[in-house]
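To start, the structure itself, in C-alpha cells.
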Amino acid sequence: MAANEKAARMLDTSGAAQENLQVNFTVTRRQIKLLAALQLRPTPREALDAATGASNSPSLVMKLRRKGLEIPCERLRVIDAHGQLCRPGIYSLSTTDKIKLHFWRT
C-alpha cells in the first residue's frame, strides 16, 4: 500500500482513549522525512531543515500539529557563537504521537 494511501486511512483504536488516538491525514514527502527523523531521536530545528530539504521545518511541524500530532518542542537556553543568549528548539514525538504513528504504519 502506498504511503499516502496509508496516511489517508482513518486510524481507530478501541478503548477509552479512542477519540485521542484518531488520526486522519495525508502527508507530504517532507512531512514523512520529518517524522522519520523524529522517530530516531529528539531533533533541533536546523537538523530537521537538513533532513527535510526545507528551510522552515517549524511550518511542517505546525501542519502536522493541525492534523492531530503533538510534536512538543523543548526550548533550551544556550549562548551562541557571538555570546548572545538564544533559545533553540528541540522537537520530539510524544508517547501519544508514537502510538498514532505506529497504528498509521500498520
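The values are calculated or read from the model by the stated rules, or taken from the named source; none is laboratory data. Remember, predicted model here, so these are calculated numbers, not experimental data. Neighbour counts are summed over all protein chains in view; Cβ atoms, including those assigned to glycine, are modelled from backbone coordinates with ideal geometry.
Do the conditions hold for Val61, that is, is it at pLDDT below 95 and of a type in the set (A, V, I, L, M)?
Details: at pLDDT below 95: no; of a type in the set (A, V, I, L, M): yes.
So Val61 fails the test.
Considering only the stretch 51-77, state which residues are in a loop (DSSP other than H, G, I, E, B) and out of contact with any Asp or Glu (no Cβ under 8 Å at 6 or more places or on another chain).
Taking the stretch 51-77 as the starting set, the residues that turn out to be in a loop (DSSP other than H, G, I, E, B) are 53-56, 67-72, 76-77.
Matches in the stretch 51-77: Gly53, Ala54, Lys67, Gly68, Pro72, Leu76, Arg77.
Inside the stretch 84-97, can you point out the residues that are farther than 14 Å from Arg45 by Cα and surrounded by 14 or more Cβ atoms within 10 Å (Cβ to Cβ)?
Thr96, Asp97
Does any residue in the stretch 26-50 that is in a helix (DSSP H, G or I) come within less than 6 Å, Cβ to Cβ, of a residue that is polar (S, T, N, Q) and surrounded by 17 or more Cβ atoms within 10 Å (Cβ to Cβ) six or more places away or on a different chain, and which pairs are these?
Arg30/Thr52; Lys33/Thr52; Leu34/Thr52; Ala37/Thr43; Arg45/Ser57; Leu48/Ser57; Asp49/Ser57
Please enumerate the residues belonging to the stretch 33-55 that are within 19 Å of Thr95 (Cα to Cα) and of a type in the set (A, V, I, L, M, F, W, C).
Leu34, Leu35, Ala36, Ala37, Leu38, Leu40
In the stretch 78-106, which residues are among the polar types (S, T, N, Q) and assigned to a helix (DSSP H, G or I)?
Answer for the stretch 78-106, where residues must be among the polar types (S, T, N, Q) and assigned to a helix (DSSP H, G or I): Thr95, Thr96.
Taking the stretch 60-83, which residues are of a type in the set (Val, Ile, Thr), at negative phi and surrounded by 15 or more Cβ atoms within 10 Å (Cβ to Cβ)?
Of everything in the stretch 60-83, just one residue is of a type in the set (Val, Ile, Thr), at negative phi and surrounded by 15 or more Cβ atoms within 10 Å (Cβ to Cβ), namely Val61.
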